[in-house]
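One structure is given below, encoded as structure tokens.
The values are calculated or read from the model by the stated rules, or taken from the named source; none is laboratory data. All values reported here derive from a predicted model rather than from experimental measurement. For neighbour counting, all protein chains shown are included, and Cβ atoms are generated from backbone atoms with ideal geometry for every residue, glycine included. SASA here: full protein model, heavy atoms, side chains in, ligands and nucleic acids out. Shrake-Rupley method; radii C 1.70, N 1.55, O 1.52, S 1.80 Å.
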Amino acid sequence: MATNGSITAWEKTKAAFKWADAQLYGRPRLLNLEVTKKCNARCGFCPYWMTKTEEVLDDYAPVVQKFKPMVVTVSGGEPTLRKDIVEVVRGIKQSQRFVYVQMITNGSLMTEELAKKLFDAGLSQMTFSVDFPDERHDVGRGLPGNLERIKKLCRVIPSYGFDRVAFNTFFMKDNLDSVMDTAKLAYDLGVCISFSAYTTLKTDKDEQMVPAERIPEMMETVEKLIAMKRQTHHIRNSDHYLRMIPQYFAKGGIGGCEAGKKWIHVTADGHVKPCSELEVIAHYSDYTERDLEKANICDKCYFACRGESSAPVNLGRVQELSGRPNFGEALAF
């Protein structure tokens, strides 16, 4: 096993066998591991910053061993608030013969030194949450200087050997006019970008849902993104997913969610949810697939992890991935 976030040829071979095994036994390929609900940002579209106390696990290796995913996304809250985050990542990486580990962070506490330690511990992908390409990002998150910190990191840490460094950006009403500029910023920095769609599930507030009168504008923006993707290859969403986002906002939801089947969520204290926005259905130590029968699967989000899992497996998507492949993305696909 590689001791850092780089992916060896032998690991790719093991991953291929593990992918086939997951397909055969119907296990989730993606595990979203929420290692804390605490956050130092003050985003209006998320209440996690209000978390004052919580219980967390010291070791998530048993969780990973339980689900045997191919990809683990370390998330929060803000995962770097945990002083032991490097050991958390190392434990996840060493828990299986192969597991691809990625992290979503707001970047405010990230340093070049910490990024290097995370890479050496086994982190393969670093993703920064970026809402706007300018000072509006810092204002919205209540983190002065945050975007400049992310930009500086993006200029340095790809050289450490990460499989991917990326932006994660949500489509929402307030940033619809700057989506293209955010994609261009990522390209100028030499990193990738993936888009997702805002949901009301975290706060039950619909202020950031894109209104009906702006759906044509969104559709036009999506086509511009697809055209940019053809030229730059740094936009990692499928055409299918991008074109479904306006439909999600127009309808207020999309049915057919496979939460708990193709991906699953575990909280900081080890409880299982089908996805991050649904209710707890079991503790990981007791979980069985029958617990999914308790879940009230909804249609109120269209996160990329959901939408991409239902994207058609066809020649077009294979060509998209092969244009500039990323190993973790290929696993989830």
Q. Restricted to the stretch 88-132, and to residues that are in a strand (DSSP E or B) and more than 12 Å from the chain's Cα centre (by Cα), which residue is farthest from N40 (Cα to Cα)?
A. Y100
Q: Show the residue pairs that are 6+ apart or on different chains and have beta-carbon atoms under 8 Å apart, the first residue being within the stretch 148-173 and of a type outside the set (A, V, I, L, M, F, W, C), the second being in a helix (DSSP H, G or I) and open to solvent by 50 Å² or more (accessible area, probe 1.4 Å).
A: Y160/K116; K173/R214
Q) K52: at pLDDT 95 or above and loosely packed, with under 14 Cβ neighbours inside 10 Å, yes or no? A) no
(Q) With the condition being polar (S, T, N, Q) and open to solvent by 10 Å² or more (accessible area, probe 1.4 Å), I'd like the helices (runs of 4 or more DSSP H) fully within the stretch 146-246 carrying at least 3 qualifying residues. (A) 215-232
(Q) If I filter the stretch 71-87 down to residues being out of contact with any Ser or Thr (no Cβ under 9 Å at 6 or more places or on another chain) and in a loop (DSSP other than H, G, I, E, B), which single residue comes out as farthest from R27 (Cα to Cα)? (A) K83
Q: Within the stretch 76-97, identify whether any single residue is touching a Leu at 6+ places or on another chain (Cβ under 6 Å), open to solvent by 40 Å² or more (accessible area, probe 1.4 Å) and closer than 25 Å to M172 by Cβ, and answer yes or no.
A: no
Q: Report, by residue number, each residue of the stretch 282-295 that is touching a Gly at 6+ places or on another chain (Cβ under 8 Å) and surrounded by 16 or more Cβ atoms within 10 Å (Cβ to Cβ).
A: Y284, L292, A295
Q) Going through the stretch 236-262 one residue at a time, which ones are over 28 Å from N296 (Cβ atoms) and in contact with a strand residue (DSSP E or B) (Cβ under 6 Å, 6 or more places away or on another chain)? A) R236
Q) Looking only at the stretch 283-317, which residues are closer than 24 Å to I104 by Cα, assigned to a loop (DSSP other than H, G, I, E, B) and at pLDDT below 85? A) S310, A311
